[in-house]
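The values are calculated or read from the model by the stated rules, or taken from the named source; none is laboratory data. These figures come from a predicted structure and were not determined experimentally. Every residue, glycine as well, gets a Cβ built from its backbone with ideal geometry; the counts of neighbours run over all protein chains shown.
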Amino acid sequence: MAYTLFTILFLLLLYLPIHSYIVYPISIHFISKVFKNKTGNNYEPELSIIISAYNEEKVIEERISNINNLDYDKSKIEVLVGTDCCSDNTLTILDSLKVKFPWLKVYEFKNRSGKAGVINELVKMSTKSILLFTDANTHFNQDAVKKVVGNFINNDIGGVSGRLILKKPEDKFEKSNEESFYWNYETFIKISEGRCGVLIGANGGIFAIRKELIKPIPTKEAVTDDLFVSLAVLQRNRKFIYEKEAIATEEISKEVSSEFKRKIRFSATNYQTMHFFPDLIFNKNILLSYAYISHKIIRWLLPIIFLLIIAINIPLANFNLVFKISFWGQLAFYSLGLIGFFLSKTNIRFPFLSLPYFFILTNYALLLGLIKYLKKEHTIIWESTPR
């Protein structure tokens, strides 16, 4: 009896990562084929571009210059940049730029309030009906903004995410960093979700929503701001789509360790974000619930699931050759990841080693993020990833 129960539990747990990583991406891809969204390439509504900046002196001038070069009527744009108690020359640079660009509005926040606090205040001061959120280190293609906001010609659409492409830095880049490979996989899923109007989490570097749908981002609890804003739109029963032709780029962190710390931070805030959207789990929009559970809920619980799988596999290995093989298969996979870890120290990359290493590292970061969340050690104040 115990053997049967453990077998059923093992198989159910084993299916969850298979569902999240394989079954769901394939199924949502085919489901998305029946959806079509009307776009308007010549539709140029007025919009506010929102940027929260903390110690961004290395990139902020290039960021504003990039916005100035957009193929968009500048008389319809206002750019609001909030400096979150910067200790470098970010504010000085912005003050000199706003003399040159009349559409640039700069706001200094003398007490650190975190990205969420700055965004909330900038939204209050914005005057346009469409809000476009971006980061100080993002670079837009010339037609990116036009491609994003053109979709708002459809009144059913509440939010639109552009396509963020991660570029490898030209110097001192750790070759074992597989972030771009994983990002391309995630982009495949986002495109399918976007066609269905149920995009679960916009790309923080380039996404826009209707101002009427904005929900103030919590500042007492540390949440993932772009995920929170995205889910809030879906919670209001409005479509959130993905515009793959609206391209923006960002550099991957040069060091795996920096990326690892970022993943831990975002993992903790993702768990906190879940608290505000329990209604999305059993929503009247069944497709929305399917996407949210498959893409986010299961994915965030995978570290616990993987630990349970191997723990249950140990006693089962004594009864069945199949379970014995699965146990040694798991150990082999984790061993490959460990070898990938040691090779990363020498900057040697073999995909069959670095990919298991990256997968394990990602889920380990999720586990540490969960612990950080449970211990309430996550905070709204954090340092940006080194540029």
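Which numbered condition trips up A246, out of (1) touching a Leu at 6+ places or on another chain (Cβ under 9 Å); (2) among the small types (G, A, S); (3) closer than 19 Å to A202 by Cα?
Failed condition: (1).
Taking Y334 as the residue in question, decide whether it is within 28 Å of A268 (Cα to Cα), touching a helix residue (DSSP H, G or I) at 6+ places or on another chain (Cβ under 7 Å), surrounded by 18 or more Cβ atoms within 10 Å (Cβ to Cβ) and not β-branched (V, I, T).
Values: within 28 Å of A268 (Cα to Cα): yes; touching a helix residue (DSSP H, G or I) at 6+ places or on another chain (Cβ under 7 Å): yes; surrounded by 18 or more Cβ atoms within 10 Å (Cβ to Cβ): no; not β-branched (V, I, T): yes.
Spelling it out, it is not the case that Y334 is within 28 Å of A268 (Cα to Cα), touching a helix residue (DSSP H, G or I) at 6+ places or on another chain (Cβ under 7 Å), surrounded by 18 or more Cβ atoms within 10 Å (Cβ to Cβ) and not β-branched (V, I, T).
In the range 38-63, which residue that is among the polar types (S, T, N, Q) and within 23 Å of the chain's Cα centre (by Cα) is farthest from F152 (Cα to Cα)?
N55
Condition check ((1) surrounded by fewer than 17 Cβ atoms within 10 Å (Cβ to Cβ); (2) without any contact (Cβ under 8 Å) to a residue 60 or more places away in the chain) across all residues:
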position	(1), (2)
F276	no, yes
I286	yes, yes
Y292	no, no
K324	yes, yes
F327	no, yes
I339	yes, yes
L343	no, no
F350	yes, yes
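With the requirement that a residue be within 22 Å of D226 (Cβ to Cβ) and surrounded by fewer than 20 Cβ atoms within 10 Å (Cβ to Cβ), what does the range 75-105 give you?
At the first step, the residues of the range 75-105 found to be within 22 Å of D226 (Cβ to Cβ) are 77-86, 90, 105.
Selection gives E78, C85, K105.
Just wondering, is there one or more residues in the range 272-284 that are touching a strand residue (DSSP E or B) at 6+ places or on another chain (Cβ under 6 Å) and of a type in the set (A, V, I, L, M, F, W, C)? Lay out the reasoning, then the answer.
Pass one, the range 272-284, residues touching a strand residue (DSSP E or B) at 6+ places or on another chain (Cβ under 6 Å): none.
No, the conditions are met nowhere in the range 272-284.
How many residues does the range 222-241 hold that are under 15 Å from R195 (Cα atoms) and either in contact with a Lys or Arg (Cβ under 8 Å, 6 or more places away or on another chain) or in a loop (DSSP other than H, G, I, E, B) (or both)?
Selection size over the range 222-241: 2.
In the range 262-273, is there at least one residue being basic (K, R) and either over 18 Å from the mean Cα position of the chain (by Cα) or more than 21 Å from K376 (Cα to Cα) (or both)?
no
This table checks each residue for (1) among the hydroxyl-bearing types (S, T, Y); (2) assigned to a strand (DSSP E or B).
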| position | (1), (2) |
| --- | --- |
| V79 | no, yes |
| D88 | no, no |
| G117 | no, no |
| T127 | yes, no |
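Between residues in the range 85-109 that are of a type in the set (V, I, T) and residues that are assigned to a helix (DSSP H, G or I), which pairs lie under 7 Å by C-beta distance while being six or more apart or on different chains?
Every condition considered, the pairs that remain are T90/I60; I93/I60; I93/E61; V106/L94; V106/D95; V106/K98.
For the range 282-326: of the residues being in contact with a Leu (Cβ under 8 Å, 6 or more places away or on another chain) and aromatic (F, W, Y), which is modelled with the highest pLDDT?
If we take residues in the range 282-326 being in contact with a Leu (Cβ under 8 Å, 6 or more places away or on another chain) and aromatic (F, W, Y), then Y292 is modelled with the highest pLDDT.
Restricting the range 216-248 to residues that are touching a strand residue (DSSP E or B) at 6+ places or on another chain (Cβ under 7 Å) and of a type in the set (A, V, I, L, M), which is nearest to K124 (Cα to Cα)? Can you show your working first?
Keep residues of the range 216-248 that are touching a strand residue (DSSP E or B) at 6+ places or on another chain (Cβ under 7 Å), which gives 226, 229-230, 233-234, 236, 238-244, 246-248.
Cutting the leftovers down to of a type in the set (A, V, I, L, M) gives us 229, 233-234, 241, 246-248.
Numbers: V229: 15, V233: 18, L234: 21, I241: 25, A246: 26, I247: 27, A248: 26 Å.
Taking the candidates together, the pick is V229.
What are the pairs, 6+ residues apart or on separate chains, where a residue within the range 203-230 that is farther than 14 Å from S161 by Cβ has its Cβ under 6 Å from a residue that is among the polar types (S, T, N, Q) and assigned to a loop (DSSP other than H, G, I, E, B)?
K211/S129; A222/T379
Out of all the residues in the range 24-59, which are without any contact (Cβ under 8 Å) to a residue 24 or more places away in the chain and surrounded by 14 or more Cβ atoms within 10 Å (Cβ to Cβ)?
S27
Go through (1) crowded, with 21+ Cβ neighbours inside 10 Å; (2) within 21 Å of E245 (Cα to Cα); (3) not aromatic (F, W, Y) for Q142 and report which single condition fails.
The failed condition is (1).
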